Amino acid sequence: MEYPSWGFYPVVKNQDTYILPNRITSIPSLTTSLLPRGLGRSYGDSCLNENGTLIITSQLNHFISFDESSGVLCCESGITFDEILKFAIPRGWFLPVTPGTKFVTVGGAIANDVHGKNHHCAGNFGHHVLSFELLRSNGERLRCSRIDNSDFFFATIGGLGLTGLITWAEFKLTKIQSSFISQEQIQFDSLADFLTLSEQSEKDFEFTVSWVDCVNTAKDVRGIFIRGNYCKPSESAVLKVHNTDTFKTVPLFFPEWILNSFSIRAFNELYYRKNLSHHKSNIVHYEPFFYPLDSIYHWNKIYGKRGFLQYQFVIPYKNDQGAALSEIFSLLQRSQMGSFLAVLKTFGSIPSEGMLSFPKEGITLALDFPNHGESLYEVLEQCDQIVRSVNGAVYPAKDARMRKESFAEFYPRLNEFEKYIDPNFSSSLWRRVK
Amino acid sequence: MKKILVIGATSAIAQEVAKLYAANSEELILWGRNSEMLHIISQDLLVRGGKKISSISHDLNDLAIHESKINEIWNTHSKIDIVLLAHGVLGNPRKAEVNQAEMLHLLNSNFVSHVSLLTFISQKMVQQGFGTIAVISSVAGDRGKQSNYVYGSAKAGMTAYTDGLRNRLFPTGVHVLNLKLGPVDTPMTKDHKKTALFGKAPSVAKGIVSAIEKKKNTVYLPMIWRYIMIIINSIPEAVFKRLKI
Ligand SMILES: Cc1cc2nc3c(=O)[nH]c(=O)nc-3n(C[C@H](O)[C@H](O)[C@H](O)COP(=O)(O)OP(=O)(O)OC[C@H]3O[C@@H](n4cnc5c(N)ncnc54)[C@H](O)[C@@H]3O)c2cc1C
C-alpha cells in the first residue's frame, strides 16, 4: 500500500510502514527514522518520511470514555473526526473545532493544531485538548496536560508528529441542539468590504469563512462571505448524522489539460454567479457547510498525476489594512497562476498554545494550485517573502516547498521546540526545513 | 436486549460487528486470546452504548477447555441469541505446503477449533430452542487454488460443516449462517496488495448484521464475490489447473 500526501507532491521513495497493533504496545526499535501517520490529509511533505518508517495509527481506533454531562471524550489517536461525529451527534455534541474535511484523525488534528471556521471564537483544536499520552521511541509514556509535562504538551500540539506518538487524547466536545446551521451568504467586491463584514460578523456568528475569486478580479478581490450558527431549537431541533456510505469517488487521475487557466476562470465565474442575489439566508446540514469537498472522496486526483500544492498563510492585517494581502493578490494575477479554490478567513485574537502552531491573529488565505513546477514554486517563494516582511506565517500542513530561512522566521520558537523532538523521529518536511 | 457471543473478538471484522450491536444497546460476551486487547475493546463498546460487556481470554486452539467454557458461558448468561465465530488465521501459505506445524496451525485455527466449539454450542442452542450461529468462512473455500489451498480447504470444510449443521438444526428452531468473505482490508491482510475488490471492515460488518437479522443461509460479502465465484467455479478444471491463481 502506498502512502502519498494529499497533494501527491512531493513523491517520496522507500517508506516502510509499521501498523501499531494497539495503544499499549511500544514502538519497535528500527534502524530508520519514524513518523506517525494519520489519514494523510496533509498536502505536502509533513506526513511523509522518505527512506523512513511511517507508524500507522489505524488500529488505535477505540473510544476510552465519554462523559455525557461535560462532553469530555477520551479516545485513541487514530479515531477519525468522521467517526466521532457519528458517535457524538445523536447524543447532542459536536467537535469543538473542525478542519474542512472530517477525514482526519485525532492525532493528526493535534499534531497540526488544526483550525476551523470558528477560530475567532474557539481558537484551535489544541485549545480544547485536556490531556494526552505521548509514547516516545525509548518506551517512555508521558501523560501530558497543561499541568503535567506541560512543556511536552505545548511542543506536541502543533508539533508535526516529531515529539513522539500520541496514543490517546482527551478533549471537550461542544453541546449542540441541532445538526443544522443557519447560514447567510453575502457578496462582496473589495478587500475593504471583506474586512468590514468580518469585523461585523465575528460578534454574532460562530462560523465565518469566505470564498474568493482571485483570478478574475479587475482591480480588487470579490467573493462570497459565508457566516452561520448552529440552529436554535425553534429553527431545527434535529440531530441528524451525515452519511458516508454513498460516496462518489474519483477513481482515476484526471488528465492534466482539464485544469487549465480557462477552466479555473470559468469555475470561479460560475461559483460567483451561482449566488447572484446579494444576500441569501438558509438552513443547511453541517455536512455541506463544514465539509463541502468530502462528498467526492478522492477529489485530489482531479489535479492529475503531477499533483497539486496548497498554499496557506496568515498575515496580521491591522497595521497595514491589508496592503500585503493586496500585493499577494496582484502578484498571483500577474503570474497567471490560477487557483481553483481560494478561501479567506480572519483568525481571532486567541493566542495559539503550541510552540509551532500556525494560527495567529490576522487574515488567512488558502489557495490550491495545480503543480505547474518551477514557475509556480518561484511565485510562491515571492509570496513567502511578502509574508515574511509582515511577520506572517505559512502553514506546514499544507507546505511542500518553503525554504529553511522562511520556516525559521515564521516559527520563532523553533529552537525551544527542538529540545522535545524524539531522537528517532523525523519527516521529509523536517529534513527540508531544518 | 439480545445477548451476543463473539468468538475471536479481537479480529477487525468482529470488532466492527460488536460496535454495531453495542450501538444498539445489546449485551456482548467477547472471547479472544489477548486480554489487554479485550479490555480495550470492552471499554470502547461500553462508550458506544453496549449494555453489558464481559470477556473471556483463552486460546481458542486449546480444544480441551471448549466444553467447560461453553458450559460456563451458558450457566452465567442462561441464553445466547447470537453466536459469531470470527477467529481464524491466514498463516503462511508457502510454508503450510511443506511444513507440518504450519499446516496443522492453519487447519486448527480455521476448522478444527470451530467444529469443536460448535459441537458444544449447538447442543446449548438446541436446548434453548432458538438462536443464530454465524460462521465467518471465506470464498477461498469455494475452489482450491495454488495460492492458498491449505487455508482454502479448512474453509471448504467449514462450509460443508455449517451446511450440514444448518440442515440438522433447522427443525429445532436454531439457525445457521455461513458468511463467505472475500478479502477485507484488515491487519490480517496487511501484506496483501489492495485491489478495488477489497472489502472495508465496517461495511462487511453491516452486511453480517443484516444477514443475521434476515436469517440468510449463505451470503457473500462484499456481494460482488457471489458473481466472481460463479465465474471462477465455471472454469473447467482442465483449464483451471493451468492457471496461476
Ligand atoms: C479538504 C481539506 C481541508 C482541510 N481544511 C483544513 C482547515 O480548515 N484547517 C486546518 O487546520 N487544516 C485543514 N486541512 C489539513 C488537515 O486538517 C491536517 O493536515 C490534518 O492534520 C490531517 O490529519 P491526518 O489525520 O490526515 O494526519 P496526517 O496528514 O497523516 O499527519 C499530519 C501530521 O500529524 C502527525 N500525526 C498523525 N497522527 C499522530 C499521532 N498519533 N501522534 C503524533 N503525531 C501524529 C503526522 O506525523 C503529521 O506530522 C485540510 C485538509 C484537507 C484535505
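Every read-out reported here was derived from the displayed coordinates using simple, explicitly stated rules and does not represent laboratory data. These numbers come from a predicted model, not from an experiment. Counting neighbours? That spans all protein chains shown, and the Cβs are built from the backbone with ideal geometry, glycine included.
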Rounded to one decimal in nm, the spacing of the 7 Å Cα→Cβ label points at A:ARG141 and B:SER25 is 3.4
Rounded to 0.05, the calculated FRET efficiency for the beta carbons of B:LYS51 and A:ARG403 at R₀ = 41 Å is 0.10
Taking r as the C-beta separation of A:LEU293 and B:ILE245 and R0 as 41 Å, the FRET efficiency to the nearest 0.05 is 0.55
The residues A:HIS120, A:HIS298, sorted from fewest to most surrounding Cβ atoms within 10 Å, come out as A:HIS298, A:HIS120
Rounded to 0.05, the calculated FRET efficiency for the beta carbons of B:HIS77 and A:LYS86 at R₀ = 41 Å is 0.90
Taking Cα atoms only, helix B:149-169 is inclined relative to the longest principal axis of chain B by an angle, in degrees rounded to 10, of 50
What helix-only [θ] at 222 nm does chain B give? Using -39500 (n - 2.57) per DSSP H run of at least 4, over all residues, to the nearest 500, the answer is -14500 deg cm²/dmol
Scalar couplings 3J(HN,Hα) for the stretch A:68-77 by Karplus 6.51 cos²θ - 1.76 cosθ + 1.60 (θ = phi - 60°), nearest whole Hz, x for Gly and Pro, are 4, 8, 9, x, 7, 10, 10, 8, 6, 6
Under the 7 Å Cα-to-Cβ spin-label approximation, A:ILE19 and B:ARG94 lie apart by a distance in nanometres of 2.0
Going fewest to most other Cβ atoms within 10 Å around each Cβ, B:MET229, B:MET1, B:MET37 line up as B:MET1, B:MET229, B:MET37
Quick calc: nm separation of the 7 Å Cα→Cβ label points for B:ILE235 and A:VAL11 -> 3.2
With 0.36 nm assigned to each residue of separation and the Cα-Cα distance removed, B:SER203 to B:VAL126 gains 24.6 nm
Only helices counted: for chain A, with every DSSP H run of 4 or more residues adding -39500 (n - 2.57) and the sum spread over all residues, [θ] at 222 nm is -6500 deg cm²/dmol
The exposure ranking of B:LYS3, A:LYS13, B:LYS190, fewest beta-carbon neighbours within 10 Å first, is A:LYS13, B:LYS190, B:LYS3
The extension gain from A:GLU68 to A:LYS318, computed as 0.36 nm times the residue separation minus the Cα-Cα distance, is 85.9 nm
Note: A:ASP148 to A:SER330 extended length (0.36 nm per residue) minus current alpha-carbon separation gives 60.7 nm
If each part is reduced to its alpha-carbon centroid, the stretch A:112-131 and the stretch B:39-115 end up apart, in Å, by 43
Helix B:224-234: inclination vs chain B longest Cα principal axis, degrees, rounded to 10, gives 40
extent check for the protein assembly as shown: Cα max minus min per principal axis, descending, whole Å, gives 82, 59, 51
Computed for the protein assembly as shown: size of charge dipole around the Cα centre, +1 on C-beta of each Lys and Arg, -1 on C-beta of each Asp and Glu, debye to nearest 20, value 2060
